[in-house]
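**Q** Before I ask anything, let me first share the structure, which is written out below as structure tokens.
The values are calculated or read from the model by the stated rules, or taken from the named source; none is laboratory data. Worth saying up front: this structure is predicted, and the values here are computed from it rather than measured. All Cβ positions, glycine included, derive from the backbone under ideal geometry; neighbour counts span all protein chains shown. Just the protein is used for accessible areas: all its heavy atoms, side chains included, with ligands, DNA and RNA removed. Shrake-Rupley method; radii C 1.70, N 1.55, O 1.52, S 1.80 Å.
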Amino acid sequence: MSRIITRRRFLIGATMTASALGLAGCDALVENDRTKSVLKIAEGLSMKTQRFLLGDDALAREFTEADISPTFRANGTSMPDNARYIDWMNQRFSSWKLEVGGLVDKPMQLSLAELKALPARTQITRHDCVEGWSAIGKWTGVPLGALLQAAGLKPEARYIVFHCADEYEKTLDGSGWYYESIDLVDAFHPQTILAHTMNGRDLEVAHGAPLRLRVERQLGYKQAKYLTGIEAVADLGQLYGGNGGFWEDRGYEWYAGI
């Protein structure tokens, strides 16, 4: 167990160090093409090494109800600042729907009630934030893999992109909307769920209502909140900054495994 804890702390620290390059006065280094290439190679090796050592289906540690943190900080945005989301919230998300599309055979639109009616998984896991804090929470939601199987992925699909109702930065080109992505290994992992319930209650707005991603083997910024759509794609290069996520477009690692 001590080895596992030490390894988790090392990986979190390493990710924080790499991610902080672009946020702590080292922009020139991060924007250097050679440095970017080296970081990409290192990231790929980290992902392959972790999956080789642990296996694609290895579970993140799960805890008991006695371990649930009395306080669970809200990471990122705590209240999306856009009219569409506010309208959904005022209607208690009765008009909100999750769109499932892209490279799928059966595009879908699912209401919150329909998602809650689907078979669900409950897990008590630890959220590790790149800023250095952790908290344990109980999450209930639809296994992402089951939803993708129902939609039917096309053979060329390689990644799953999560679109959010969170305009994290106001930009003219629309690149300020929060989004995330994972590959199919993590998409079909048994602990990857679309959570609608936290600690036995509907998600609060600060924690991503009405639906958020939980991909338990990665750091907190991968756990996209305020989901509006899921898109299966063959390549990430055509989305926004081309790096597969809001923070990844700003220098963070795409694979944030722990």
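**Q** In segment 233-246, how many residues are open to solvent by 40 Å² or more (accessible area, probe 1.4 Å) and either among the acidic types (Asp, Glu) or touching a Lys or Arg at 6+ places or on another chain (Cβ under 9 Å) (or both)?
**A** 4
Residues are listed down the side, and each one gets a yes or a no for (1) closer than 19 Å to Leu213 by Cβ; (2) modelled with pLDDT under 95:
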| position | (1), (2) |
| --- | --- |
| Arg3 | no, yes |
| Ala18 | no, yes |
| Leu21 | no, yes |
| Asp27 | no, yes |
| Lys48 | no, yes |
| Ala66 | no, no |
| Asp81 | no, yes |
| Asn90 | no, no |
| Phe93 | yes, no |
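**Q** Further question: If you go through segment 90-109 one residue at a time, how many are open to solvent by 90 Å² or more (accessible area, probe 1.4 Å), under 22 Å from the mean Cα position of the chain (by Cα) and of a type outside the set (Lys, Arg)?
**A** 3
**Q** When you look at Asp87, is it in contact (Cβ under 8 Å) with a residue 12 or more places away in the chain, open to solvent by 30 Å² or more (accessible area, probe 1.4 Å) and over 23 Å from Pro190 (Cβ atoms), yes or no?
**A** It is false that Asp87 is in contact (Cβ under 8 Å) with a residue 12 or more places away in the chain, open to solvent by 30 Å² or more (accessible area, probe 1.4 Å) and over 23 Å from Pro190 (Cβ atoms).
**Q** Report, by residue number, each residue of segment 99-126 that is farther than 15 Å from Thr192 by Cβ and charged (D, E, K, R).
**A** Result: Glu99, Asp105, Lys106, Glu114, Lys116, Arg126.
**Q** Which condition number in (1) in contact with a Phe, Trp or Tyr (Cβ under 6 Å, 6 or more places away or on another chain); (2) closer than 28 Å to Asp56 by Cβ is the one that Trp139 fails?
**A** (1)
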